[in-house]
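Chemist: Quick one: the structure is below, and I'll ask about it shortly.
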Amino acid sequence: LKLEALVKELELKTIKAHINPHFIFNALNSIRALIDENPPRARTAITELSNILRSSMQAEKLETVTFEKELNIVKDYLALEHIRFEDRLQVEYEIDEDTLDQPIPPMMLQTLVENAIKHGISRQVGGGKVRIVSDFKEDYHELVILNTGVLNGSRDSDGFGLASTKNRLQLLFGQKANFDIRETGENTVQARVLIPVDVHTAVAKTSLKP
């Protein structure tokens, strides 16, 4: 049991070591362009970038974070990307507030949204939409990221992000946790995460909804 625990710990550390924001240089270029054009927005952008980098560093020390904390980082990330894409990037949120305190792997949501931007929105001439959904489904916390685009062989070409997500989930939450990514219609890709929760907690929260 000790050996198995050690192996899992090493695997998690190895996976985490490969997860870092890849958009830093784009963000810095965007901020540089804003310095003269819109100094207040440039200052805000620096704060957003700082928040993301701080979270990435803290991810090395944490096995899980609350969904709310991860969502705030993703909002900072998307705000920075909006500077670059402008009207080509649309963002929608459909968040059940009862899911905000649920644990998820640090930087996981950010990695999935980053892939949606890199392999979806950036390849569309007219841009597109990213939609983030969080809800309880039976005894699972369900996270869904929808983006304009198509699924192809280069989707995970930069290696570790998507390929590691299922491994991270199962190491932390067991075999019931799952991740899949697929096309769900014309020019739409869906990344879906299922994290098991205490069925009584999920049912109780659902029953309290108006």
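Chemist: Taking K and R as +1 and D and E as -1, what net charge do the other residues with C-beta under 9 Å from the C-beta of TYR77 add up to? Show your work: numbers first, answer last.
Modeler: Working: positive: LYS75; negative: GLU48, ASP76, GLU81, GLU114.
Taking every Cβ under 9 Å from that of TYR77, the sum is -3.
Chemist: Compare MET107, MET57 by solvent-accessible area with a 1.4 Å probe and give them largest first, with all protein chains kept in place.
Modeler: Sorted descending by solvent-accessible area, the residues read MET57, MET107.
Chemist: Compare PHE136, PHE25, PHE173, PHE67 by solvent-accessible area with a 1.4 Å probe and give them largest first, with all protein chains kept in place.
Modeler: Output order, biggest surface exposure first: PHE25, PHE173, PHE136, PHE67.
Chemist: Just add up the charged neighbours of GLY174: K/R +1, D/E -1, any other residue whose Cβ is under 15 Å from the Cβ of GLY174.
Modeler: -1
Chemist: Compute, for segment 37-173, the length of the dipole vector about the Cα centre, with Cβ point charges of +1 (Lys, Arg) and -1 (Asp, Glu) only. Units Debye, rounded to 20.
Modeler: That gives a dipole near 660 debye.
Chemist: Would you check the accessible area of GLU92, probe 1.4 Å, heavy atoms only, in square angstrom rounded to 10?
Modeler: Only protein atoms counted, so the area is about 70 Å².
Chemist: Give me the net charge for the shell around ALA27: Cβ to Cβ below 9 angstrom, other residues only, Lys and Arg +1, Asp and Glu -1.
Modeler: Cβ neighbours under 9 Å give a net charge of -1.
Chemist: For the pair LEU6 and ASN167, what calculated FRET efficiency results from E = 1/(1 + (r/R0)^6), where r is the Cβ-Cβ distance and R0 = 25 Å, to the nearest 0.05?
Modeler: So, using R0 = 25 Å, E works out to roughly 0.95.
Chemist: Considering only protein heavy atoms, what is the solvent-accessible area of HIS141 at a probe of 1.4 Å, reported in Å² to the nearest 10?
Modeler: For HIS141, the solvent-accessible surface is approximately 0 Å².
The values are calculated or read from the model by the stated rules, or taken from the named source; none is laboratory data. Quantities reported herein were computed from a predicted structural model and do not represent experimental measurements. So basically every Cβ, Gly included, is an ideal-geometry build from the backbone, and we count neighbours across all protein chains shown. What goes into the accessible areas is simple: the full protein's heavy atoms, side chains included, and nothing from ligands, DNA or RNA. Shrake-Rupley method; radii C 1.70, N 1.55, O 1.52, S 1.80 Å.
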